[in-house]
Each structure stands twice: as C-alpha cells, then as structure tokens.
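K.L.:
My questions all concern the structure below.
The values are calculated or read from the model by the stated rules, or taken from the named source; none is laboratory data. Here the structure is a predicted model, which means the values were calculated and not measured. Glycine gets a Cβ as well: all are built from the backbone with ideal geometry, and neighbour counts include every protein chain shown.
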Amino acid sequence: MKAELFCCGSKYLVNIFGTEEFIVNILRIVMTIIALLLAGAHYGRAGDTILKYLFVALPLLLLIRKKWSDMILAVSISITVPVWIHTTLNIIAVRKAAEIPWLRMAIILGGVALFSLIAAFITFRHIYRSRKAVDSKG
C-alpha cells in the first residue's frame, strides 16, 4: 500500500494503518489500559489493596474477546468517573480549608475524570457496534 501524505491527520493515519476502525480499536485498548491502571494507582494510594489489584488485573480481560469481558471493562471504567469527581471535590475542600492552592490539582484530576469518561464511551461504542454488526449479519 502506497502511503500518501494528506494534509488532514486522520486521513494520513487511515492511509498508513488501513482502516479507521483499526485506529479506534488501538485507541480503545490503550485508553482502557491507562484508565484502569490510573484507577488501580488511585486505590493503591488510598490503601485499598483488593481494588488496587482488581483494577490492575482488569486489562487482562482485553485478551478475552467476548461481549461479557468488554461489558465488564466498560462498567469498570464508568465506575471510576464518579470516584474521580468525588476525590477531586474532597481534595478541593481540604485544600481550600488549609488555604493551599487547589486549581492545578482540580484541572489534573478533572482531566483524569474526563479521560476515563471518554475511555468508557469508546468501550461502550465498541460493544454497541459489535452487537449491531452481529444483528445485521443474522
């Protein structure tokens, strides 16, 4: 395949890697792993070893190509979004009470919450599209 350079980035990536779906799958896998490892690190810092090991082990479900494993991953990532928001609000309250700067921390944890939300959305999108593809074949 001849790789031609287009001015638009997405067309260039599609031309190199093949299909847009391939790129979205790679993005889904990478974002899922990062989101789950961030959650594992959060629970590890909080001292909850069971949840830490659970979230660190969850990316192994990516090796199982079944609908139920994708659903577990999507729900697990979705659960972390309110946890990140709750943690952000708690730390803001503590820092405000101690008169410590809090804005940078809020931006960082808000970004982590947004990242997790996008990862969950992409994973649910994958489940929906794979189900839709099966329904159209049947």
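K.L.:
Inspect region 84-105 for any residue being in a helix (DSSP H, G or I), touching a residue at least 40 places away in the same chain (Cβ under 8 Å) and basic (Lys, Arg) and give the result as yes or no.
P.N.:
Looking only at region 84-105, we keep the residues that are in a helix (DSSP H, G or I), and these are 84-97, 103-105.
Now drop any that are not touching a residue at least 40 places away in the same chain (Cβ under 8 Å), which leaves 84, 87.
Add one more test, that the residue is basic (Lys, Arg), and what stays is none.
No, region 84-105 contains no residue that is in a helix (DSSP H, G or I), touching a residue at least 40 places away in the same chain (Cβ under 8 Å) and basic (Lys, Arg).
K.L.:
Condition (residue is small (Gly, Ala, Ser) and on the phi > 0 side of the Ramachandran plot) applied to region 41-62: is it met by at least one residue?
P.N.:
We begin by selecting, within region 41-62, every residue small (Gly, Ala, Ser); these are 41, 44, 46-47, 57.
Filter once more, keeping what is on the phi > 0 side of the Ramachandran plot: 47.
Yes, that holds for at least one residue.
K.L.:
Quick check, is Leu27 closer than 19 Å to Phe115 by Cα and in a helix (DSSP H, G or I)? It would help to see each step written out before you state the result.
P.N.:
Working: closer than 19 Å to Phe115 by Cα: yes; in a helix (DSSP H, G or I): yes.
Judged against the criteria, Leu27 is a match.
K.L.:
Within the set of pairs 6 or more residues apart or between chains, which connect a residue that is within 14 Å of Ile33 (Cβ to Cβ) inside region 52-73 to a residue that is small (Gly, Ala, Ser) with Cβ atoms less than 7 Å apart?
P.N.:
Listed pairs, sorted by first residue: Phe55/Ala39; Phe55/Gly40; Val56/Gly40; Leu58/Ser76; Leu61/Ser69.
K.L.:
Tell me, please, whether a residue that is farther than 18 Å from Ala120 by Cβ, surrounded by 14 or more Cβ atoms within 10 Å (Cβ to Cβ) and modelled with pLDDT under 95 can be found in region 19-41.
P.N.:
As a first pass, look at region 19-41 and keep what is farther than 18 Å from Ala120 by Cβ: 19-23.
Applying the additional criterion that residues be surrounded by 14 or more Cβ atoms within 10 Å (Cβ to Cβ) yields 23.
So of that shortlist, the ones also modelled with pLDDT under 95 come out as 23.
Within region 19-41, one or more residues are farther than 18 Å from Ala120 by Cβ, surrounded by 14 or more Cβ atoms within 10 Å (Cβ to Cβ) and modelled with pLDDT under 95.
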